[in-house]
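This report refers to the structure that appears directly beneath it.
The values are calculated or read from the model by the stated rules, or taken from the named source; none is laboratory data. The shown structure was predicted, so the numbers you read here are calculated from the model rather than taken from an experiment. Don't worry about glycine lacking a Cβ; one is built from the backbone with ideal geometry, like all the others, and counts go over all protein chains shown.
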Amino acid sequence: MQLSNDFEKVRDLAKKTMALMQERGIRQTPPNYAIWYEYIQESNPNLTRAVNEALAKNGKFTEKIGAELYDRFFTREQESKAVEETSRLVQQSMDSMMGDLTRTNNDISSYGEQLHDFATRAEGLDGVELQAVIDQIITQTHSVSDNTRSLQNGLESASREIADLKRRLQFVQKEAYTDSLTGIANRKSFDEYLAKMIAETKESGTTLCLIIADIDHFKQFNDIHGHTFGDQVIKLVAATLSKGIDHRAMAARYGGEEFGIILPDTPISDAVNLANDLRMAISAKKLVKRSTKTEVGKITMSFGVTSYARPEDAIGIINRADKALYEAKKTGRNCVKHLRPII
């Protein structure tokens, strides 16, 4: 009976998902279906919030939004498979190494027993018999020596394999937390680092600030100059933001043309000053189209700044930074606005 109820529930969710996608004119691809099925199921609050934010900001669900959401919320399985495969190969190398060690240890133990036996038998032997015992000792010694060299070669080979696999695992993990276009931290990395810094702030009582920034009129810029040039602008902005912060801060691509900057141990006055420095650094960049060598103006950004207030969670500080960013856009863009938490 329970199985039947579960099936009915899944079928009902599937129908609602397809109907909603059809109603909103969303292309019925597997990634889009996965996003909207999860949305209707209401099992992932972060995904629900991200979809609502994207719709509020853009007015509709586009292919670009779908790709970004799918990459953010549904690609962890690929990461897990890569990590699992690397772990399997490490285990395989370790098993091989342990096998070599066991075999060599057995050989050495046997060699010791044979030496003891030879020593016992050597007493009272004549020259010919003693020579035979010595020949056996030499043969066994060569055998153990050869096995020891084989073990050494095997250990060196296994060590190289494990070091290589370690580098591979580090690459997989770095790739999972890096935005593929810009090379800076991605949204997943941002979310995890913000949660970590909030936990540290709660424990230590230090300050924590957050900046959310958005490229002004980016859609219009893309429509005029093309997505390829738009991608170059996003890369330029990412590089400028990441160079303008210290080692403990994190600049991340928050989504599309939006960026987030996490600032541990930073008073809000310093965060506002930093945001203004970054805003001026961005607007000072000259944009030149490589194909025509012509200048196409400049890009500007709006910044929203806020500070953390215990005991709120990540959503609280993010929403407040978003509100500050909205104020910056509402008052003419290319400026910095900040909101202090209401305590």
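When Q220 is tested against (1) at pLDDT below 95; (2) within 21 Å of A328 (Cα to Cα); (3) touching a strand residue (DSSP E or B) at 6+ places or on another chain (Cβ under 9 Å), exactly one condition is not met: (3).
Can you pull out every residue in region 32-58 that is outside any helix (DSSP H, G or I) and closer than 19 Å to Y254 by Cβ?
N44 - this is the single residue of region 32-58 that is outside any helix (DSSP H, G or I) and closer than 19 Å to Y254 by Cβ.
Taken over region 285-343, residues that are hydrophobic (A, V, I, L, M, F, W, C), free of Cβ contacts under 8 Å to residues at least 60 places away in the same chain and under 26 Å from G226 (Cβ atoms) amount to 2.
Checked against the criterion of being modelled with pLDDT of 65 or more and exposed (fewer than 15 other Cβ atoms within 10 Å of the Cβ), the candidates E23, E38 yield just one match: E23.
Among the residues of region 226-269, the one identified as closer than 17 Å to S302 by Cα, part of a loop (DSSP other than H, G, I, E, B) and of a type in the set (D, E) is E257. Within region 183-215, the set of residues being among the acidic types (D, E) and in contact with a strand residue (DSSP E or B) (Cβ under 6 Å, 6 or more places away or on another chain) comprises just one member, D214. Within region 301-338, the set of residues being among the acidic types (D, E) and within 26 Å of the chain's Cα centre (by Cα) comprises E312, D313, D322. Only a single item in (1) at negative phi; (2) surrounded by fewer than 18 Cβ atoms within 10 Å (Cβ to Cβ); (3) modelled with pLDDT under 90 is not met by G205, and it is number (1). Identify the single condition in (1) more than 20 Å from Y326 (Cα to Cα); (2) surrounded by fewer than 18 Cβ atoms within 10 Å (Cβ to Cβ) that K219 does not satisfy, given that it satisfies every other one. The one condition K219 does not meet is (1). Counting the residues of region 235-253 that are closer than 18 Å to K64 by Cα and surrounded by fewer than 21 Cβ atoms within 10 Å (Cβ to Cβ) gives 1. Looking at T201, is it assigned to a helix (DSSP H, G or I), of a type in the set (S, T, Y) and free of Cβ contacts under 8 Å to residues at least 40 places away in the same chain? No: the conditions fail for T201. Evaluate region 298-314: report whether one residue or more is part of a helix (DSSP H, G or I), surrounded by fewer than 14 Cβ atoms within 10 Å (Cβ to Cβ), modelled with pLDDT under 95 and in the same structural domain as A213 (by TED's automatic domain parsing). The answer is no; no qualifying residue exists. When each of E200, E161 is tested for being at pLDDT 90 or above and of a type in the set (D, E, K, R), the lone residue that passes is E200. The number of residues in region 213-225 being part of a loop (DSSP other than H, G, I, E, B) and of a type in the set (D, E) comes to 1.
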